[in-house]
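The values are calculated or read from the model by the stated rules, or taken from the named source; none is laboratory data. The structure presented is a predicted model; accordingly, all values stated were derived computationally and were not measured. Quick reminder, even Gly has a Cβ in these numbers, built from the backbone with ideal geometry, and neighbours come from all protein chains shown. With ligands, DNA and RNA removed, areas are computed over all heavy atoms of the protein, side chains included. Shrake-Rupley method; radii C 1.70, N 1.55, O 1.52, S 1.80 Å.
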Amino acid sequence: MSSIDTKLVQHIRTPFFYYNMDLLSETIQKVKTESEKYGFVVHYALKANSNPKILKLISDNGFGADCVSGNEVLKAIENGYDPDKIVYAGVGKSDWEINIALDHNIYCFNCESVPELNVINDLASAKNKVAQVALRINPNINVQTHHYITTGIEENKFGINMWELYELIELIVKLKNIKLIGLHFHIGSQIRDLMSFKNLCLRINEIQKWFINQNIDIEEINVGGGLGINYEKPWAEPIPDFSNYFALFDSLLELLPGQKVHFELGRSMVGQCGSLITKVLYVKKGVNIDFAIVDGGMTELIRPALYQAYHNIENLTSKLPKKKYDVVGPICESADYFGKSVDLPETNRGDFIEIQSCGAYGEVMASTYNSRNLVKAYYSNEIK
Ligand code: LLP
């Protein structure tokens, strides 16, 4: 079930991230073949994992980048992404960040508000440039995922609401250093039910009609990211169903001639290739259930603490009969746990524990809380 040979990693200091580079390559190839069938353009969302080796493997395969900060724009360029394939989103772009993006002539700013459009126009004007923008429109679609990671409903801070559009299109024609090229959407993350994407397509078709009626040309549609992965049974679905995902957009979006469709995939490209490897420090008696206290914590993987996220956990060492444990970290916070009531073979001090599906929003969200060190990453193709 696990791709890790514990003999090969037994001398490595725990905790650490482990990346299965073969699985990453296979996943990338699948995204490529399935998206190219329809001429779709895929931008990898750096926020999911910006580890340089991962960034490089993805850029080597010709993908674009989806960035949400000035530093991500710089990181993408340093790691081989063509500026002409970089899109830049975010509700709070600082002036220095916008300037970085302008200096590198990125492809497109995904704009999230009217004031932001004015600022980009002023900064572009100061540089005698014309910035290409897509309007991030809030499609007001609710999806079944954790409320912290839904983004496409009206009361959310993200995107421009439909009722703001009349004012906005009047403004945009006056802004001479901005060129409107597209519409951008993103409805949330870890979306497993393709119906949500179906609803998004139908909504995009309606919104697109509104723009046509206003005589505004839209060259590009960016549908964002959000395709989920199987956290419950990662072994059963190591590669998400990209085939049906892309086919759905192809069959439902009503595109104008020559219109390009862009995607911003993060989690689905990298989520299953990474694990957090940690060791059991102590097994402690609890009232109803014993605690397996491990040396990794919410400083390495905050998802369970922040979103009550489920990650499959395996004991890579023990072959003993199963018992139930709360698997917890060493940080001084009650929220510092990886799993509650987890079925594991009888667990003892020194056992290797694998927290699976950590390739996305794991290493990138790590912190040094409790003055801990950031941990290292190891790669399957380098450990022999
Ligand atoms: N595009 C935009 C505008 C986004 O906000 C996001 C993610 C993506 C693309 C990529 O979405 P993905 O394909 O990875 O679902 N830390 C949370 C997830 C936050 C997602 C933020 N936005 C987690 O650990 O679940």
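Extension gain, Asn105 to Asp5: 0.36 nm times the residue separation minus the Cα-Cα distance gives 31.5 nm. With q set to 0.13, 0.19, 0.21 Å⁻¹, the log10 of I(q)/I(0) for segment 1-134, from the Debye formula over equal scatterers at the Cα positions, is -0.64, -1.04, -1.17.
When you filter the chymotrypsin sites (Phe, Trp or Tyr not before Pro) in segment 221-250 for DSSP loop state and at most 13 other Cβ atoms inside 10 Å of their Cβ, you are left with Trp235.
For segment 69-75, the Karplus equation 6.51 cos²θ - 1.76 cosθ + 1.60, evaluated at θ = phi - 60°, returns couplings of 7, x, 5, 5, 4, 5, 4 Hz by residue, with Gly and Pro reported as x. Positive-end ranking of Gly274, Leu171, Ser189 along the dipole of the chain, with charges on Cβ about the Cα centre, is headed by Gly274. Near Lys323, the amide H atoms lying under 5 Å from its own belong to Leu344, Glu346; only residues 5 or more places off or on other chains count, and H is placed 1.01 Å from N. With all protein chains in place and ligands, DNA and RNA left out, the 1.4 Å accessible area ranks Trp163, Trp210 as Trp163, Trp210, largest first.
The residues neighbouring Thr299, those whose beta-carbon lies less than 13 Å from its own, together hold a net charge of -3 under the Lys/Arg +1, Asp/Glu -1 convention. Comparing Ile204, Asn312, Val41 along the charge dipole axis of the chain, the residue lying farthest to the positive side is Asn312, per the Cβ-charge model. The slack between Glu78 and Val364, meaning 0.36 nm per residue of separation minus the straight C-alpha distance, is 101.2 nm.
Rounded to the nearest 20 Debye, what is the dipole magnitude of the chain about its Cα centre when Lys and Arg each give +1 and Asp and Glu each give -1 at the C-beta?
The calculated dipole for the chain is roughly 920 debye.
Once you've got the Cα coordinates, tell me which of Lys157/Lys260; Lys7/Lys56; Lys47/Lys284 are over 31 Å apart. Exceeds cut-off: Lys47/Lys284.
Of Leu265, Gln214, Phe249, whose Cα points farthest to the positive end of the dipole of the chain (charges on the beta-carbon: +1 Lys, Arg; -1 Asp, Glu; origin at the Cα centre)? Among Leu265, Gln214, Phe249, the one farthest towards the positive end of the dipole of the chain is Leu265. Close amide-amide hydrogen proximity is noted between Ala45 and Asp66, Leu265, Gly266, each under 5 Å apart and 5 or more residues distant or on a separate chain (H modeled in the peptide plane; Pro and chain starts excluded). Backbone geometry of segment 86-91 corresponds, through the Karplus equation with coefficients 6.51, -1.76 and 1.60 at θ = phi - 60°, to 3J(HN,Hα) couplings of 9, 10, 10, 10, x, 6 Hz, x marking Gly and Pro.
Step through the table entries Lys233/Lys319; Lys198/Lys376; Lys93/Lys129; Lys53/Lys179; Lys324/Lys384; Lys37/Lys198, compare each Cα-Cα distance with 29 Å, and write down the pairs that go over it. Pairs exceeding 29 Å: Lys198/Lys376; Lys53/Lys179; Lys324/Lys384. Computed in the context of the full set of protein chains, the accessible area of the chain at 1.4 Å probe radius has 50% of its extent on carbon or sulfur. Comparing segment 185-294 with the 2.2 N^0.38 Å rule of thumb, its C-alpha radius of gyration ratio is 1.57 (two decimals). Were the residues from Ile212 through Lys285 laid out at 0.36 nm apart, the gain over their Cα-Cα distance would be 19.7 nm.
Taking every protein chain into account, the accessible area of segment 21-271 amounts to 41 square angstrom per residue (probe 1.4 Å). Rounded to the nearest Hz, the phi-derived 3J(HN,Hα) couplings of segment 168-178 under the Karplus curve 6.51 cos²θ - 1.76 cosθ + 1.60 (θ = phi - 60°) are 5, 6, 5, 5, 4, 5, 7, 8, 7, 9, 10, where x marks glycine and proline. Each listed q (0.12, 0.14, 0.15 Å⁻¹) maps to a log10 I(q)/I(0) for the chain from the Debye sum over equal C-alpha point scatterers, namely -0.92, -1.17, -1.30. Ranking of Glu354, Glu36, Glu333, Glu164 by solvent-accessible surface, largest first: Glu36, Glu333, Glu164, Glu354 (1.4 Å probe, protein heavy atoms only, all chains present).
Which of the trypsin sites (Lys or Arg not before Pro) found in segment 163-263 are in a DSSP loop and have at most 10 neighbouring Cβ atoms, other than their own, within 10 Å?
Values: sites: Lys174, Lys176, Lys179, Arg192, Lys198, Arg203, Lys209, Lys260; in loops: Lys174, Lys176, Arg192.
Here the trypsin sites (Lys or Arg not before Pro) that fit, given the DSSP loop and packing criteria, are Lys174, Lys176.
For the chain, the 222 nm mean residue ellipticity estimated from helices alone, with every DSSP H stretch of n ≥ 4 adding -39500 (n - 2.57) and the total spread over all residues, rounds to -8000 deg cm²/dmol.
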